[in-house]
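Below you'll find the structure, written out as structure tokens, and then a few comments.
The values are calculated or read from the model by the stated rules, or taken from the named source; none is laboratory data. Model, not experiment: these values are computed from the prediction. Neighbour counts run over all protein chains shown; Cβ positions are idealised from the backbone, glycine included.
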Amino acid sequence: MKNHKPTWTTEELKVYLLLFLMHSNFTKKNHIDFTSIHISETEINKMQTEFNADNDYQGIQKICKAIEDKNYSKNQLQAFLFEVKNLLVRAKKEHRIIMNNCFAGIERILITAA
């Protein structure tokens, strides 16, 4: 893994987490509305490139490390995950069930780790 310590903004973390969830359903980034995330297309592409270079294990490790580095309280983490889940709700219906199931797994991992 090239970057053991991601120094992502909260918005970049949201993008990476969404990419991770979408990948679990082998979907493409255009199935999520990234416009509500205050991040440029250049930054989204940067995160996509980084995501593409990582395997699943590396992705989970980076997500956990980024959450740990942000030092979120349980309430802050739950609010962050709520925002991500709201973005998933806007996904196309045929992708929503699988992504929501994956989100539930990631949510358990992150809440337990916090």
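Looking across region 72-94, the residues that are over 17 Å from GLU11 (Cβ atoms) and not aliphatic (A, V, I, L, M) come down to SER73, LYS74, ASN75, GLN78, LYS92, LYS93, GLU94. Scanning region 89-108 for residues that are surrounded by fewer than 18 Cβ atoms within 10 Å (Cβ to Cβ) and at pLDDT below 75 yields a count of 11.
Within region 54-79, take every residue that is loosely packed, with under 11 Cβ neighbours inside 10 Å, in a helix (DSSP H, G or I) and over 15 Å from the mean Cα position of the chain (by Cα) and give me the one that is modelled with the lowest pLDDT. Can you show your working first?
Step one: filter region 54-79 for residues loosely packed, with under 11 Cβ neighbours inside 10 Å, giving 55-57, 71, 73-75.
From what's left, in a helix (DSSP H, G or I): 56-57, 74-75.
Right, trim to over 15 Å from the mean Cα position of the chain (by Cα) and you get 74-75.
On the way: LYS74: 85, ASN75: 90.
The qualifying residue modelled with the lowest pLDDT is LYS74.
Take PHE82 and decide whether it is part of a helix (DSSP H, G or I), at pLDDT below 90 and among the hydrophobic types (A, V, I, L, M, F, W, C). Criteria met by PHE82.
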